[in-house]
Amino acid sequence: MDALVIGAGPAGLMAAEELARAGRRVVVCEAKPSAGRKFLMAGKSGLNVTKDEAAARFLAAYRSGWLAPMLDGFGPEAVKDWCRGLGQEVFTGSSGRVFPVAMKGSPLLRAWLARLGEAGVELRVRWRWEGFDGDGFRFATPGGVQVLRPAVTVLALGGASWARLGSDGAWVPWLRARGVEVAGFRPANMGFVVHWTPHMAKFYGTPVKGAALVVGALRERGALRERGEFVVSARGLEGGGIYAVSRELREGSGLSLDLLPDLDGAEVAARLARMRAGESVANRLRKLGLSPVAVALVMEWGRGMDPALAVKALPVPLAGPRPLDEAISVAGGVTQGAVTEGLELRAIPRVFVCGEMLDWEAPTGGYLLTGCLATGRWAGRAAALV
């Protein structure tokens, strides 16, 4: 073994494959009993591997320009070819999201691990990194403490969400103690807390469809409108529509809902005015075509408002993001200034980093997995040259 990869998620496995392809003898150490646990969890409802869209729009989704060379080198087309190379054909949905035909992550992971094994990559599970031991890496293993001193190392330890799947952020103080700058983690692609009144309990688990989420005041230039489905849960609001605007909400922007985005405010007001006087607000909203859960949201947050205004600009009283460990991904991590162009740590020569350890943020929709694969490939290729 002359190349060590710590972490057997997508970024780490991609780095290991590049190192093996370059002729290095590679060992991958994984703290959990098996590889790719978060990868498999992401695929339970359909593994979204990438997003098929124009290059400029794809890159803009990352809001981290420093990843551009890595994503140029391994973007959506490359991800699709990679899947096919592992025997998994893909298809593109109407939203541009790309999925394996099998939908799940397990066939892809099994094929990948088999290919890595054929390339000579050794996977050691239940090897948990516990920090540095002088110039070595100390592990707690089933056989006791082990210290490895490889020629080159790639760290692919994940961020700090979903600790039960391996991304617990335990590595942060160890790198900081060696002089590596690590930006504090913040939740990304997460739900938000709402303090509901009891009458909303019957709607827990119900999706809200067809609404537009408006971030920032309508009168502001550049207010963000996002069409997307989200879910009312016992804890608040979650789901794809909320995740798409979670960064702005996390940074303090306000949220309102346009529950009939295909009608302008004047038309909504006119339709309400034509209804029989004396009808309850709830009945009038139902006749407008609002779903039961949308009517409930207006009654929850829009009491005292003009009904037409409540339908078109319903204020949402968020009480902050859900905890970091519940987030799909994180913002923060090893900063751009802490690494070279090849993702080598400036403070720790011959040690490279990739995946969610790096300080970047992207929405769901295939961007996260593509980012991990692209940075893992980049770090592995650079490490192979050391």
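Numerical summary
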quantity: Sequence-distant residues sharing a close amide H with Leu123 (under 5 Å, placed H); calculated: Val28
quantity: 19 Å reach of a label modelled at Asp72, 7 Å along Cα-to-Cβ, counting backbone N of region 340-363; calculated: 340-344
quantity: Tilt relative to the chain, helix 367-384 - C-alpha long axis, 0 to 90 degrees, to 10; calculated: 20
quantity: Cut-off 12 Å, label 7 Å out along Cα→Cβ of Glu251, residues of region 175-216 by amide N; calculated: 216
quantity: Per-q log10 I(q)/I(0), the chain, q = 0.08, 0.09, 0.12 Å⁻¹ (Debye; single scatterer per alpha-carbon; no solvent); calculated: -0.48, -0.58, -0.91
quantity: Contour excess over end-to-end distance, with Cα ends at Ala140 and Ala183 and 0.36 nm allotted per residue; calculated: 12.8 nm
quantity: Residues Ile6, Ile348 arranged by fewest to most Cβ contacts within 10 Å; calculated: Ile348, Ile6
quantity: Net charge of neighbours whose Cβ lies under 12 Å from the Cβ of Ser106, counting Lys and Arg as +1 and Asp and Glu as -1; calculated: +4
quantity: Dipole in debye (nearest 20) - region 1-128, about Cα centre, beta carbon charges: Lys, Arg +1; Asp, Glu -1; calculated: 580
quantity: Local net charge near Ala188, Cβ-Cβ under 10 Å (Lys/Arg +1, Asp/Glu -1); calculated: +1
quantity: Estimated distance in nm for a label pair at Ala55 and Asp2, the labels positioned 7 Å out from Cα along Cα-to-Cβ; calculated: 3.5
quantity: Spacing of the two label points (7 Å from each Cα toward its C-beta) at Thr206 and Arg303, in nm; calculated: 1.7
quantity: Lys, Arg +1 and Asp, Glu -1 on Cβ, resulting dipole of the chain about Cα centre, debye, nearest 20; calculated: 760
quantity: Relative exposure of Asp306, Asp52, judged by other C-beta atoms within 10 Å (fewest first); calculated: Asp306, Asp52
quantity: Pairwise FRET efficiency - Ala277 versus Asp325, Cβ, R0 = 45 Å, nearest 0.05; calculated: 0.30
quantity: Cut-off under 5 Å, modelled amide H: who pairs with Val232 long-range; calculated: Gly205, Thr206, Val208
quantity: Estimated FRET transfer efficiency when R0 is 35 angstrom, pair Ser34-Arg149 (beta carbons, to 0.05); calculated: 0.85
quantity: Pairwise label distance in nanometres, Val386 with Arg115, each label 7 Å out on the Cα-Cβ vector; calculated: 2.5
quantity: Dipole of the chain [Lys/Arg +1, Asp/Glu -1 at C-beta], most positive-end residue of Leu13, Ala61, Val215; calculated: Val215
quantity: Region 319-379: C-alpha gyration tensor shape, a/c 1.5 cut-off, then a/b vs b/c; calculated: oblate
quantity: Using alpha-carbon coordinates, inclination of helix 106-118 to the longest axis of the chain, degrees; calculated: 10
quantity: Rounded to 5, percent antiparallel among DSSP beta bridges of the chain; calculated: 70
quantity: Helical mean residue ellipticity (222 nm; -39500 (n - 2.57) per DSSP H run of 4+; nearest 500) of the chain; calculated: -8500 deg cm²/dmol
quantity: Loop GluC sites (Glu not before Pro), region 3-98, which have at most 12 other Cβ atoms in a 10 Å radius of their Cβ (DSSP); calculated: Glu89
quantity: Helix axis angle, 10-21 relative to the chain longest principal axis, alpha carbon, degrees; calculated: 30
quantity: Cα radius of gyration and Dmax for region 192-315 (Å); calculated: 14.2, 44
quantity: Nearby lysines by direct alpha-carbon distance to Lys104 (threshold 28 angstrom, same-chain neighbours under 8 apart not counted); calculated: Lys32, Lys38, Lys44, Lys51, Lys80, Lys209
quantity: Order of Ser45, Ser256, Ser95 - criterion: other Cβ atoms within 10 Å of each residue's Cβ, fewest first; calculated: Ser45, Ser95, Ser256
quantity: Per-pair calculated FRET efficiency, R0 = 30 Å: Asp264 and His199 via Cβ, rounded to 0.05; calculated: 0.50
quantity: Cα centroid separation, region 92-140 to region 182-202 (Å); calculated: 30
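Throughout, read-outs are computed from the coordinates displayed, never taken from laboratory work. Everything quoted here is computed from the prediction, not taken from an experiment. Backbone-built Cβ (ideal geometry, glycine too); neighbour counts: all protein chains shown.
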